[in-house]
Structures are given as C-alpha cells and as structure tokens.
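Just so it is clear, none of the values below were taken in a lab; they were calculated from the coordinates. The structure displayed is predicted, hence computed values, not measured ones. So basically every Cβ, Gly included, is an ideal-geometry build from the backbone, and we count neighbours across all protein chains shown.
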Amino acid sequence: MPNAPWKGWKNEKPGYHQKTVMLQKCGKKCFLGKGTSFPICKKNTCKISKKGVYAAYIRSRQYRKFKKNRNVTKKAKKLLKNF
C-alpha cells in the first residue's frame, strides 16, 4: 500500500496551546476552519504544510454533512491545486 500524502502530519501538527499561540502570531492563514479548527501550518512556524492541507481536506470530507466543513473542503482543494 503506498504512503498517504498526509502521512507524518501527526508529528508536525500543532497541539492545543500551540494552536492558540499560532492564531495570535500567524493569523487566520494557518487555519481553514473557524477559530483554531483545521490547522494547516507546522507547529511553531507560520509555514503552510502540504500534509496539513491534505489532512484538513480528508477530515472535512469525513464530516461533509455540516455546511461549515464544505467550505473547508473547498478551501483545502483550492490550496492543493496551488502546491
């Protein structure tokens, strides 16, 4: 089975407190959802990670019945096209 494109995001993703700090430091560009939901930047940086975008896309597709997650899916898909 080939590796998933988001493999390794578990080690790169920000924790609970890091997400709050990241929102203050980097702004909304590091999150696709409302507040600190669906982080896409690596922890302790403001750099967008392709793995983070893939993970957000997959997670938002899992909860697609909620309208807010459809918006996250659209944003993630748009970002993935630019990578």
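Things worth noting here:
- In terms of Cα atoms, the Rg and Dmax of segment 12-82 work out to 11.2, 32 Å.
- Relative contact order computed over segment 12-82 (Cα-Cα under 8 Å; 6+ residues apart), in percent: 25
- Fewest-first ranking of Lys25, Lys67, using other Cβ atoms within 10 Å as the exposure measure: Lys67, Lys25
- With both labels modelled 7 Å from their Cα along Cα-to-Cβ, the Lys81 to Lys67 distance reads 2.3 nm.
- For a straight C-alpha distance cut-off of 21 angstrom, the lysines reachable from Lys19 (same-chain residues fewer than eight places away being disregarded) are Lys7, Lys10, Lys28, Lys29, Lys34, Lys42, Lys43, Lys47, Lys50, Lys51, Lys68, Lys75.
- Simple label model, 7 Å out from Cα along Cβ direction - Tyr16 to Thr45, nm: 2.6
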